[in-house]
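Step one of this worksheet: look at the structure below.
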Amino acid sequence: MTTFVLIPGAACGSWHWHLLDAELRARGHDVVSVDLPCEDDTAGLEEYADAVVAAVAGRRRLTLVAHSFAGFTAPLVCARVPVDELVLLAAMVPVPGETPGEWWAATQHPDSAVRRAGRAAQRAGAGTAQGGMPESAVPGSAADPFFQDLPPALAAQAAVRWRRQSDTPATQPWPITSWPPVTTHFLLCRQDRLFPAPFLRAVVADRLGTVPDEMEGGHFPMLSRPAELADRLERYSRTATR
């Protein structure tokens, strides 16, 4: 069976994949849910890729699933180890030499308020569990760009499990010269507040030259719709060229 390698976005960890992880394992797949060194101020994009490469050592038939900020990390992994396919899930799509910090303006992200709200929640990191939570980290708040479609209890769990996200990788240019020659799928979420669907359609058309696939849900479909997401990942896997 396929080995699904789940690569988290900024300030996230393996917990944010746990419902999808369980769903895929129940269907007989191998799953590697990676924790990146996001709290380490000495770690940048190359070190994030190192963490994924180490986690998949010895495994075969790899499908990388890259969420959000992991769009900068996963292609670096594809350049280092054999990968059958890459699934970009509500992800950033970089171009050579661009830093993650530059990406927002370069892609003409439409809502600076949403961006600031998201960054405030991620900078709070583990401190959200001890109170003093910024409004953008409060599930269901008007500023919440992440968890608006989750049940309240699950949204609260997700919010308190933010990790501190170092700014180091945001300052580093994307270090490869072209997109890796790996079958790539892009899946966007129609109710995503952080990366709105019209915005991502334009980014994907411009930077990948393709039309993205779409599903319902907000920025974290692995929590809101794990079974539907697993269905889609299995379909990608079955049609991959091996």
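The values are calculated or read from the model by the stated rules, or taken from the named source; none is laboratory data. None of the values given here were measured: they were computed from a predicted structure. Neighbour counts run over all protein chains shown; Cβ positions are idealised from the backbone, glycine included. Note: accessible area is taken over every heavy atom of the protein model, side chains too, but ligands, DNA and RNA are not part of it. Shrake-Rupley method; radii C 1.70, N 1.55, O 1.52, S 1.80 Å.
Taken as a whole, the structure places Met222 among residues that are of a type in the set (A, V, I, L, M, F, W, C) and under 26 Å from Tyr48 (Cα atoms).
Scan region 206-231 for residues that are open to solvent by 50 Å² or more (accessible area, probe 1.4 Å), assigned to a helix (DSSP H, G or I) and within 23 Å of Gln148 (Cβ to Cβ) and the total you get is 2.
Here is the figure for region 58-81: residues that are farther than 18 Å from Leu20 by Cα and within 17 Å of the chain's Cα centre (by Cα) total 9. Residue-level check: of (1) at pLDDT below 85; (2) assigned to a loop (DSSP other than H, G, I, E, B); (3) open to solvent by 10 Å² or more (accessible area, probe 1.4 Å), Arg163 misses just (1). Taken over region 180-207, the criterion of being over 21 Å from Ala10 (Cβ atoms) and over 16 Å from the mean Cα position of the chain (by Cα) is satisfied by Pro180, Pro181, Val182, Thr183, Pro198, Arg201, Ala202, Ala205, Asp206.
Annotation note: Cβ proximity below 9 Å between a residue of region 67-79 that is closer than 13 Å to His219 by Cα and a residue that is open to solvent by 10 Å² or more (accessible area, probe 1.4 Å) and part of a helix (DSSP H, G or I) (sequence gap 6+ or interchain) occurs for Phe69/Ala170. Among the residues of region 3-19, is any at pLDDT 95 or above, touching a helix residue (DSSP H, G or I) at 6+ places or on another chain (Cβ under 9 Å), buried (at least 23 other Cβ atoms within 10 Å of the Cβ) and in a loop (DSSP other than H, G, I, E, B)? Yes, region 3-19 contains a residue that is at pLDDT 95 or above, touching a helix residue (DSSP H, G or I) at 6+ places or on another chain (Cβ under 9 Å), buried (at least 23 other Cβ atoms within 10 Å of the Cβ) and in a loop (DSSP other than H, G, I, E, B).
Looking at (1) free of Cβ contacts under 8 Å to residues at least 40 places away in the same chain; (2) in contact with a helix residue (DSSP H, G or I) (Cβ under 7 Å, 6 or more places away or on another chain); (3) not in a helix (DSSP H, G or I), find the lone condition where Thr63 falls short. Thr63 satisfies every listed condition except (1).
Can you tell me which residue in region 20-43 is most open to solvent (accessible area, probe 1.4 Å), limited to those that are assigned to a loop (DSSP other than H, G, I, E, B) and over 12 Å from Pro169 (Cα atoms)?
Start the filter on region 20-43 by keeping residues that are assigned to a loop (DSSP other than H, G, I, E, B), which leaves 27-29, 34-43.
Pick out the ones that are also over 12 Å from Pro169 (Cα atoms) and you get 27-29, 34-35.
Numbers: Arg27: 67, Gly28: 46, His29: 19, Val34: 5, Asp35: 83 Å².
Filtering first and then ranking leaves Asp35.
The single condition from (1) under 14 Å from the mean Cα position of the chain (by Cα); (2) among the hydrophobic types (A, V, I, L, M, F, W, C); (3) open to solvent by 10 Å² or more (accessible area, probe 1.4 Å) that Ala55 fails is (1). The single residue among Glu46, Glu102 that is among the charged types (D, E, K, R), more than 17 Å from the chain's Cα centre (by Cα) and not in a loop (DSSP other than H, G, I, E, B) turns out to be Glu102.
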